[in-house]
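The values are calculated or read from the model by the stated rules, or taken from the named source; none is laboratory data. Owing to the predicted nature of the structure, the values given are computational and were not obtained by experimental measurement. Here Cβ is always computed from backbone atoms with ideal geometry, including for glycine, and neighbour counts include all displayed protein chains. All accessible areas refer to the heavy atoms of the entire protein, side chains included, with ligands and DNA or RNA removed. Shrake-Rupley method; radii C 1.70, N 1.55, O 1.52, S 1.80 Å.
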Amino acid sequence: MRRNLVVGNWKMHGSRASNGLLLSGLKEAGPWSADVAVCVPFPYITETALALTGTNVSFGAQDCSAHEQGAFTGEVSSAMLADIGCRYVIVGHSERRAYHAESDQLVADKAKAALAHGVTPIVCVGETLAEREAGQTEAVVKRQLSAVIHTLTHCIGEIVVAYEPVWAIGTGLTASPAQAQSVHAVLRTLLAAATQKASSMRLLYGGSVKPDNAAELFAQADIDGGLIGGAALKAADFSAICRAAG
Ligand code: 13P
């Protein structure tokens with residue numbers, strides 16, 4: 001059986017002081033029976049790791065380079081993330097695809113680099129509102145995930161996938177559980193054609209997940225947890241979502 005996973009994506013939020021409060025709030029609220037992780041801004045990873053010592057909350061980053069090492073000013077390699085103990089790295093978040101022009105292939109290359117160093121990539125896919133309205137949802141998510149399947153080949157079973165409809169991110173508009181489930185089913189079918197591990201892979205939903213809608217989303221057959229933005233910045237909300245996943 002799949003164990004649910006809840007990941008907090010802090011995005012570009014936080015400070016040493018506010019992170020300390022948030023992490024101590026999580027420590028008090030846990031443990032949960034679902035797997036839980038936080039993906040934090042690069043400068044705070046090490047301090048987050050220290051704060052989480054003795055808990056079963058994992059930590060990770062929000063992006064990594066597709067390159068191994070070298071003259072790539074400003075980039076952070078997956079080897080570095082592995083070196084400081086990261087378990088996860090988010091790749092292909094829609095904000096990076098939109099604001100940094102990340103292509104499907106670049107996202108796939110980042111996922112490959114992460115896996116090469118034992119860091120689990122959380123690969124984000126999702127359609128924009130215009131794409132949904134044009135009836136292209138399935139085609140878009142299949143195109144995004146296919147690039148990763150082709151690049152990772154037999155390792156595809158090692159990744160986590162996050163379906164995040166762009167129109168639901170930070171907007172308060174959540175995909176209905178049925179809408180989310182139908183896309184998750186499409187993704188799992190695509191994965192099943194590529195790996196025997198598809199039925200044990202975790203497919204997360206992200207986009208305005210809150211304490212009051214989490215349980216219904218996580219109850220769907222192919223939704224195995226969530227990738228949480230805004231609500232991950234409040235210890236009470238994030239821990240309620242973690243409880244809903246457990
Ligand atoms: P919100 O939960 O704020 O909608 O963000 C979702 C997200 O982008 C997580 O990666």
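Annotations
- Output for the stretch 157-181, where each listed residue is free of Cβ contacts under 8 Å to residues at least 40 places away in the same chain, hydroxyl-bearing (Ser, Thr, Tyr) and either within 11 Å of the ligand (Cβ to nearest atom) or buried (at least 21 other Cβ atoms within 10 Å of the Cβ) (or both): Thr171
- Inspection of the stretch 143-156 identifies no residue that is buried (at least 18 other Cβ atoms within 10 Å of the Cβ) and at pLDDT below 95.
- Meets criteria (under 29 Å from Arg143 (Cα atoms) and open to solvent by less than 60 Å² (accessible area, probe 1.4 Å)) for Val57: no
- Selection of the stretch 196-221 for residues being farther than 17 Å from His93 by Cα, open to solvent by less than 20 Å² (accessible area, probe 1.4 Å) and either within 15 Å of the ligand (Cβ to nearest atom) or modelled with pLDDT under 95 (or both) yields Ala214, Leu217, Phe218.
- Any hit, the stretch 109-131, residues being open to solvent by 10 Å² or more (accessible area, probe 1.4 Å), touching a residue at least 60 places away in the same chain (Cβ under 8 Å) and assigned to a helix (DSSP H, G or I): no
- Each residue in the stretch 222-240 was checked for being over 15 Å from the mean Cα position of the chain (by Cα) and open to solvent by less than 10 Å² (accessible area, probe 1.4 Å), and 1 pass.
- Scanning the stretch 60-99 for residues that are over 26 Å from Leu50 (Cβ atoms) and either crowded, with 18+ Cβ neighbours inside 10 Å or more than 15 Å from the ligand (Cβ to nearest atom) (or both) returns Ala66, His67, Glu68, Gly70, Ala71, Phe72, Thr73, Gly92, Ser94, Glu95, Arg96, Arg97.
- If only residues of the stretch 222-246 that are in contact with an Asp or Glu (Cβ under 8 Å, 6 or more places away or on another chain) and outside any helix (DSSP H, G or I) are counted, the one that is nearest to the ligand (Cβ to nearest atom) is Leu227.
- In the stretch 33-53, the residues that are within 26 Å of Arg2 (Cβ to Cβ), open to solvent by 30 Å² or more (accessible area, probe 1.4 Å) and more than 15 Å from the chain's Cα centre (by Cα): Ser33
- Among the residues of the stretch 183-202, not a single one is among the small types (Gly, Ala, Ser), outside any helix (DSSP H, G or I) and within 23 Å of Pro31 (Cβ to Cβ).
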